[in-house]
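See below for the structure under consideration.
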Amino acid sequence: MTTTVLGHVRALEYESIHIFREVAAEMESPCLLFSGGKDSIVMLHLALKAFWPARIPFPVMHVDTGLNFPEVIDFRDAMVAEHGLELIVASVPEAIERGLVRPEPNGSRNRIQTPVLLAAAEEHGFDALFGGARRDEEKARAKERVFSFRDEFGQWDPKNQRPEIWDLYNGRVFPGESIRVFPLSNWTELDVWTYIASENIAVPELYLAKEREVVDRGGMLYAVNEFVPLVDGETSEVKRVRYRTMGDANLTAAVESDADTLEKIVEEIAAVRLTERGATRGDDKVSEAAMEDRKREGYF
Amino acid sequence: MSDLLRFATAGSVDDGKSTLIGRLLYDTKGLFSDQLEDIERISTRRGHDYVDLSLLTDGLRAEREQGITIDVAYRYFATPRRKFIIADTPGHIQYTRNMVTGASTANVALILVDARKGISEQSRRHAFLASLLGVPHLVICINKMDLVDWDESVYQQIHDEFTEFAAKLRVTDLTFVPISALRGDNVVARSENMPWYEGSTLLNYLENVHVASDRNLVDPRFPVQYVIRPHSNTTLDYRGYAGTVASGAFRKGDTVRILPSGLETTIAGIDTADGEVEEAVPPMSVTIRLAEDVDVSRGDMFARPANSPEVTQDVDAMICWMDETASLVRGKKYAIKHTTRWARTVVKDLQYRIDINTLHRDLEASELALNEIGRVQLRVTAPLFVDPYAVNRTTGSFVLVDESTNRTVAAGIINPR
């Protein structure tokens with residue numbers, strides 16, 4: 001069975017490599033969004049493969065909300081050093097200081113990432129941004145193209161998408177317009193972990209199960225740390241947990257798990273019955289159209 | 001040999017398509033419980049006394065508001081045997097454009113027929129488009145068998161009528177499965193209500209349909225996508241041609257013919273980031289090194305001296321028009337993308353428009369509007385390296401782009417000479 005599973009993941013790998021090369025060949029100035037999360041780690045791995053033995057012919061950018069898990073930032077910096085990448089950091093705290101965006105009352109910086117991302121893309125003149133979004137994540141994403149056209153404001157118009165036939169991608173844009181490119185469009189969460197395990201790709205250790213001090217808030221388990229201090233009346237407990245996603249540290253919940261190796265994570269994800277966002281993101285449950293709205297504003 | 005199966009589903013909510021997809025996803029655990037709770041909650045809020053599974057595929061606000069599906073939605077599920085990618089194409093709006101998009105990469109097209117109504121105009125349209133797009137396997141799901149008392153004669157009549165119609169099309173493999181998507185009969189589990197049916201369940205069919213041999217493994221074609229030239233001290237002399245094998249096989253030591261130059265040389269090695277490979281076949285993405293230092297760039301193609309595509313600036317093709325803002329007219333110029341090659345082209349002639357319901361050819365047609373299909377003659381500024389679509393889906397296909405808007409306006413299918 002292992003070889004069967006690898007067969008289809010290898011086919012997905014070939015498809016993603018094809019997409020990376022197509023963008024590098026046709027776009028003037030691409031950039032890879034890199035957050036240190038599992039999807040962007042797989043993206044970086046695929047990009048390294050696509051251009052081997054040459055270096056990746058574009059920089060990587062991290063939209064830093066200032067609320068990242070420190071382990072993830074360390075991991076990001078280690079990857080940048082190891083592969084000699086050019087890293088651009090678009091900082092949300094700096095943008096707040098400059099008055100470009102204002103923090104939202106609930107502490108989420110999900111929505112205010114967008115103007116920061118757009119400003120950085122404009123400043124550097126990027127006409128193609130690689131993102132790690134997958135179509136299995138969310139209903140609005142299920143209808144997005146691999147090459148997703150954005151107007152000069154970075155906006156997505158779901159009713160005006162370019163038809164995508166065969167693998168003949170059309171990245172033609174006028175100045176100021178851009179393309180978001182999603183090489184992992186056809187991957188599922190299980191595919192991502194199967195690939196990480198089979199290629200033995202390094203990931204931040206937060207993905208692996210360990211005893212951690214957590215607090216239960218409305219059924220979600222948050223690790224107690226500088227971003228999530230205990231408030232009056234709350235008590236913490238030690239549980240064996242891991243993270244399924246790497247969002248902002250103040251809003252990303254952990255899940256109870258015994259998966260302390262990549263192989264065990266694959267087994268766990270194969271059996272799991274909740275989507276990763278449903279299980280771990282306090283900021284995605286806003287409305288039926290939350291993701292669509294954010295994408296229209298220029299979010300990934 | 002890949003165990004990834006892509007299939008396109010076509011039809012409207014009335015045919016029970018959403019119910020069928022919902023059932024496939026749910027019974028194979030491709031649907032998560034929070035997704036299901038989500039649509040249960042919304043169904044209740046809207047006053048339905050059933051779970052509206054179409055909410056799964058209607059992802060955009062306009063779709064939910066108007067109760068229609070606008071765009072192709074992609075769904076995923078896996079069984080221990082295969083991973084499945086469903087391109088779910090709506091029946092109501094911009095039907096042809098979406099179906100062409102979904103079918104372009106599909107191994108299997110799944111067409112739903114309501115057992116009570118029999119074969120509709122829509123079913124015929126679906127079958128025609130699937131055959132035009134060269135989908136190798138067509139499976140007709142005769143749905144709502146529960147509403148015709150599981151009657152074999154209903155199944156048989158639709159079976160015979162469709163078989164007769166399909167004979168007019170290029171359909172190589174046609175399969176019929178009587179199902180009830182609502183009750184699950186013959187979708188994942190075998191039906192106890194239709195003992196007269198001896199074939200596979202739908203899932204069993206999808207898991208076992210043989211698709212490896214659908215690939216063209218005869219004609220070696222490698223469109224050069226990207227030239228890899230590292231500028232570091234350790235790899236100073238490296239020069240490799242990256243791309244995805246379109247068809248056929250390439251081996252180390254093979255003599256290749258480079259198009260358009262016509263130069264011939266041998267393959268010095270085939271690289272991947274995981275090491276050298278002896279042989280590259282579709283759908284591998286690899287990097288080919290040549291024995292001699294010759295001038296090769298993106299848009300060139302590797303073939304074999306005794307097996308090369310046609311090199312031509314004149315293309316005879318079926319065109320599916322996909323743009324609502326302007327129509328295809330004779331004499332207009334477009335950008336054309338064929339494999340990894342861009343050029344410009346002029347529409348020299350529109351021979352006819354085809355009525356996709358009757359297959360009638362309208363020789364008087366003066367333009368092709370949105371969702372219309374016709375036969376054209378194109379003259380291209382630079383030679384393309386083409387094979388007929390029927391033998392090669394990669395070197396036989398192209399898209400047209402309107403240079404004044406950058407919109408992708410048409411899909412093209414190259415006819416045999």
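Modelled this way, with points 7 Å down the Cα-to-C-beta line, the labels at residue B:279 and residue A:80 are 4.5 nm from one another. Full extension of the segment from residue B:173 to residue B:27, taken as 0.36 nm per residue of separation minus the current Cα-Cα distance, would add 49.9 nm. Along its first, second and third principal axes, ordered by size, chain A spans 57, 53, 39 Å in Cα coordinates. A DSSP coil position with no more than 12 other Cβ atoms inside 10 Å describes none of the chymotrypsin sites (Phe, Trp or Tyr not before Pro) in the stretch A:194-224. Of the GluC sites (Glu not before Pro) found in the stretch A:88-196, those in coil by DSSP whose Cβ has at most 13 other Cβ atoms within 10 Å are A:152.
Of A:159/B:83; B:29/B:144; B:83/B:337, which ones are farther than 26 Å apart at the Cα? Going by Cα-Cα distance, A:159/B:83; B:83/B:337 fall outside the 26 Å limit. Between A:250, A:106, A:225, the GNM of chain A built on Cα springs shorter than 10 angstrom shows A:106 fluctuating the most.
Per-residue Karplus couplings for the stretch B:375-385, computed as 6.51 cos²θ - 1.76 cosθ + 1.60 with θ equal to phi - 60°, are listed in order as 9, 10, 10, 10, 10, 10, 5, 10, x, 10, 10 Hz, Gly and Pro entered as x.
Which FRET efficiency, nearest 0.05, do residue B:149 and residue B:189 yield, Cβ-Cβ r, R0 25 Å? The partial results should precede the final answer.
On the way: r = 20 Å, r/R0 = 0.79.
After rounding to 0.05, the efficiency reads 0.80.
With a 10 Å cut-off around each Cβ of A:49-62, the average count of Cβ atoms from other chains is 4. The dipole here belongs to chain A: it is taken about the Cα centre, uses +1 on the Cβ of Lys and Arg and -1 on the Cβ of Asp and Glu, and is about 640 debye.
How many percent of Cα pairs in the stretch A:141-284 exceed 19 Å? Don't skip to the answer; put the middle values down first.
Numbers: 6416 of 10296 pairs.
Counting every Cα pair in the stretch A:141-284, those more than 19 Å apart make up 62 percent.
A viscosity of 0.692 mPa s and a temperature of 37 °C, combined with the Kirkwood radius over C-alpha pairs in the Stokes-Einstein formula, give the protein assembly as shown a diffusion coefficient of 122 µm²/s. Solvent-accessible surface (1.4 Å probe) assigned to residue B:360 amounts to roughly 120 Å².
Can you give the Rg to Rh ratio for chain B, taking only C-alpha atoms and Rh from Kirkwood?
1.01
The mean sequence separation of alpha-carbon pairs under 8 Å and at least six residues apart, normalised by the residue count of the stretch B:310-414, gives a relative contact order of 38 percent.
For the stretch B:222-303, the Kirkwood estimate of hydrodynamic radius, built from reciprocal distances between every pair of different alpha carbons, is 12.6 Å. Across the stretch A:1-141, the mean sequence separation of Cα contacts (distance under 8 Å, 6 or more residues apart), normalised by length, yields a relative contact order of 28 percent.
Working note: 222 nm ellipticity from helices only, DSSP H runs with n ≥ 4, each -39,500 (n - 2.57), summed and divided by the residues of chain B, gives -5500 deg cm²/dmol to the nearest 500. Straight-line cross-link reach from residue B:332 at under 20 Å between alpha-carbon atoms covers these lysines, not counting any fewer than eight positions away in the same chain: B:348.
Any chance you could check the Cα centroid distance between the stretch B:358-417 and the stretch A:52-90 for me, in angstrom? One Cα centre to the other: 43 Å. A simple count of charges around residue B:148, restricted to other residues whose Cβ falls under 14 Å of its Cβ and scoring Lys, Arg +1 and Asp, Glu -1, yields -2. Mean partner shielding of peptide B:391-403, defined as the number of other chain Cβ atoms within 10 Å of each residue Cβ, is 2. In nanometres, what is the gap between the two model label sites at residue A:174 and residue B:391, each 7 Å from Cα along Cα-to-Cβ? A separation of 4.3 nm, rounded to one decimal place. Stokes-Einstein diffusion for the stretch B:113-152 at 10 °C, viscosity 1.306 mPa s, with a Kirkwood radius from C-alpha pairs, works out to 142 µm²/s. The percentage of C-alpha pairs in the stretch A:63-189 whose separation is greater than 17 Å is 67%. The value of relative contact order for chain A, using C-alpha pairs under 8 Å at least six residues apart, is 19 percent.
So what is the calculated 222 nm ellipticity per residue for chain A, using -39500 (n - 2.57) for each DSSP H run with n of 4 or more, over all residues, to the nearest 500 deg cm²/dmol? Write down the numbers at each step before the final one.
On the way: 9 runs with 105 residues, N = 300.
Only helices count here, giving -11000 deg cm²/dmol.
Partners of residue A:264 within straight-line reach, counting lysines whose Cα lies under 16 Å from its Cα and excluding those fewer than 8 residues away in the same chain: A:38, A:210.
Counting, for every residue in A:12-22, the Cβ atoms of other protein chains within 10 Å of its Cβ and taking the mean gives 6. Relative to the 2.2 N^0.38 Å rule of thumb, the stretch B:310-414 has a C-alpha radius of gyration ratio of 0.99. All alpha carbon pair distances within the stretch A:229-269 were sorted into 5 Å bins beginning at 0; the resulting P(r) in whole percents reads 5, 19, 22, 23, 17, 8, 5, 2. Qualifying GluC sites (Glu not before Pro) in the stretch B:186-228, where qualification requires a DSSP coil assignment and no more than 11 other C-beta atoms within 10 Å, comprise B:192, B:198.
In the assembled protein chains, residue A:230 presents an accessible area of approximately 70 Å² (probe radius 1.4 Å).
When the Cα atoms of the stretch A:1-138 are enclosed in a convex hull and the volume is divided per residue, what value in Å³ results? Provide the component values of the computation, followed by the final result.
Numbers: hull volume 19.6 nm³, N = 138.
Residue-normalised Cα hull volume stands at 142 Å³.
So, with +1 on the Cβ of K and R and -1 on the Cβ of D and E, and no other charges, what is the size of the charge dipole of the protein assembly as shown about its Cα centre, to the nearest 20 debye? Display every interim value, and only then the final one.
Details: 83 positive and 110 negative charges, 326 e Å.
Taking the Cα centre of the protein assembly as shown as origin, the dipole is about 1560 debye.
For the stretch B:3-214, the orientation-averaged shadow of the C-alpha convex hull comes to 11.4 nm² (one quarter of the hull surface).
The values are calculated or read from the model by the stated rules, or taken from the named source; none is laboratory data. Computed from a predicted model, the values in this text were never measured in an experiment. Note that we place each Cβ from the backbone using ideal geometry, even for glycine, and neighbour counts take in every protein chain shown. In case anyone asks, the SASA skips ligands and DNA or RNA and just uses the protein heavy atoms, side chains included. Shrake-Rupley method; radii C 1.70, N 1.55, O 1.52, S 1.80 Å.
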